[in-house]
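What follows is a single structure, written as structure tokens, with notes after it.
The values are calculated or read from the model by the stated rules, or taken from the named source; none is laboratory data. Remember, it's a predicted structure, so these values are computed and weren't measured experimentally. So basically every Cβ, Gly included, is an ideal-geometry build from the backbone, and we count neighbours across all protein chains shown. These accessible areas exclude ligands, DNA and RNA; they are computed on the full protein's heavy atoms, side chains included. Shrake-Rupley method; radii C 1.70, N 1.55, O 1.52, S 1.80 Å.
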Amino acid sequence: MASIAATGFGITAHCIADKRRYQPTARILEQVRRTLRYHCDTLPNTHGFFYHFTDLETGEPFRGSEISSIDTSLLLCGILTARAHFHHDAEVVRLATTIYERVDWPWMLNGGPTFSMGVRNDKFIDARWSHYCELMMIYLLALGSPTHPVDPSTWDAWSRPRMQYKGFDYISANDPLFTHQYSHAWFDFRNQRDKYANYFDNSITATRAHLAFCLQLGKPYSPDYWGISASDSQHGYTAWGGPGCRTRAGEPSCDPNSGFGGVDGSVVPYATAGSLPFLPAECLRVQRSLKDRYGDKAWGRYGFCDALHPDANWYDPDVLGIDLGIAVLMAENLRSGFVWETFARNPEVPLAMQRAGFHKVGG
């Protein structure tokens, strides 16, 4: 089973690898070309949208998989990063442009003001991208489309609920920490705001609140060991979060029935890696501590395992592309701003930000 979202992160990682000369440019460029050819000419799509998961060998939709608006958007962010980075290569530019411009964004609205999460069994999924989370990239990609744009009013159509926790006040629903990271991997929200918020500063506050939540849980969490988000666990995939999953008189503990599962002492390395630009010192401290303390139990060929629970002697045998992906991209953004700056060279990106009402502040 292959994830198109992981492919979006992977294509961006190839651009980072080329910038840092981890491999010869010719080798990286041919891999990018091959990936784009496949997604442009072979992989099934509907109105330009792709299935979330496909069979690794055949490209056919994986059983039960949906046509996904968010995962297509994650793929597109990677594709547009490659178009900007390899802008001198005519084939990359042509393929990337074709893939992006054929996406029929109004179709995914399905007659409503907000985007459907996708299509399954030829029917639109009832759930919509209607409250603040990782959704900003969907709306911005649609606003910037030169062929199938949506009206700027869609940017105002999704809600921005507020979370209050331990003196922190920020826009967030009861969602895991990654929702404050994904759109920020490509779109540079620093020193910008719309009429609602400075979303970069909002993610800083959300990460601070998440740190406070973890520390309030007590042992084993500490300044050297914190950070949880949707990930593998000993008992399967768990969408555990942070302050949003507190249920008992404001105490930082999770009701197992809340949808987040009980926080059990596990830590998820990408939770802090994905927040590196927001709290560099605090997040780097965790990354270094995990690698130094747990060594090859937690760190392997691809970097950190997806999750670990040392007190239970459990180290996830798996790595996940989307989780490693957000770590790689945000590490590079902290180091150089490369992904932000490269992605912003696509002319559709500043146009989308303008249509959404962003303007420069501070900085």
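Net charge around R34, counting only other residues with Cβ within less than 13 Å of its Cβ (Lys, Arg = +1; Asp, Glu = -1)?
Surrounding charge for R34 is -1.
Contour minus end-to-end for A197 and D89, with contour as 0.36 nm per residue of separation and end-to-end as the Cα-Cα distance?
That pair, A197 and D89, stretches by 35.1 nm at full extension.
Over 11 Å, how big is the tail of the calculated P(r) for the stretch 159-203, in percent of all Cα pairs?
Percentage above 11 Å: 70.
Nothing charged except the Cβ atoms of Lys and Arg (+1) and of Asp and Glu (-1): what's the magnitude of the dipole of the chain about its Cα centre? Round to the nearest 20 debye.
The dipole of the chain has a size of about 880 debye.
Please give the Cα centre distance for the stretch 139-201 versus the stretch 291-343, rounded to the nearest Å.
Here the two parts' Cα centres lie 24 Å apart.
In square angstrom, what is the accessible area per residue of the stretch 25-98 with a 1.4 angstrom probe?
Roughly 43 Å² per residue, with all protein chains present.
Specify the residue with the greatest mean-square fluctuation among G303, G59, G218, computed from a Gaussian network of the chain linking alpha-carbon atoms under 10 Å apart.
G218
All other residues with a Cβ under 13 Å from the Cβ of Y51 taken together, and with Lys, Arg as +1 and Asp, Glu as -1, what is their net charge?
-3
Sum -39500 (n - 2.57) across every DSSP H segment of at least 4 residues in the chain, then divide by the residue count to get the 222 nm mean residue ellipticity, nearest 500.
-13000 deg cm²/dmol
Using a 1.4 angstrom probe with every protein chain in place, what is the largest-first accessible-area order of S229, S3?
S3, S229
So which residue, out of N121, N333, N202, gets the largest mean-square fluctuation from a GNM of the chain using Cα contacts under 10 Å as springs?
Result: N121 has the largest fluctuation of those listed.
What is the diffusion coefficient of the stretch 12-77 in µm²/s, taking the Kirkwood radius over Cα pairs and the Stokes-Einstein relation at 20 °C with a viscosity of 1.002 mPa s?
163 µm²/s
How large is the dipole of the stretch 24-89 about the Cα centre if only Lys and Arg carry +1 and Asp and Glu carry -1, each at its Cβ, rounded to the nearest 20 debye?
Result for the stretch 24-89 is approximately 260 debye, rounded to the nearest 20.
Please report the relative contact order for the chain, taking Cα pairs under 8 Å with a sequence separation of at least 6, and give it as a percent rounded to a whole number.
17 percent
In Å, the Kirkwood hydrodynamic radius of the chain over pairs of distinct alpha carbons?
20.9 Å
Decide, for the stretch 65-153, between rounded, prolate and oblate: order the square roots of the alpha carbon gyration tensor eigenvalues as a ≥ b ≥ c, take rounded if a/c falls under 1.5, and otherwise choose prolate if a/b is larger than b/c, else oblate.
Here the stretch 65-153 falls in the prolate category.
Can you give the convex hull volume of the alpha carbon atoms of the stretch 20-125 per residue, in Å³?
113 Å³
Where the accessible area of the chain is counted over protein heavy atoms with a 1.4 Å probe, how much of it, in %, is carbon and sulfur?
Carbon with sulfur: 50 percent of the solvent-accessible area.
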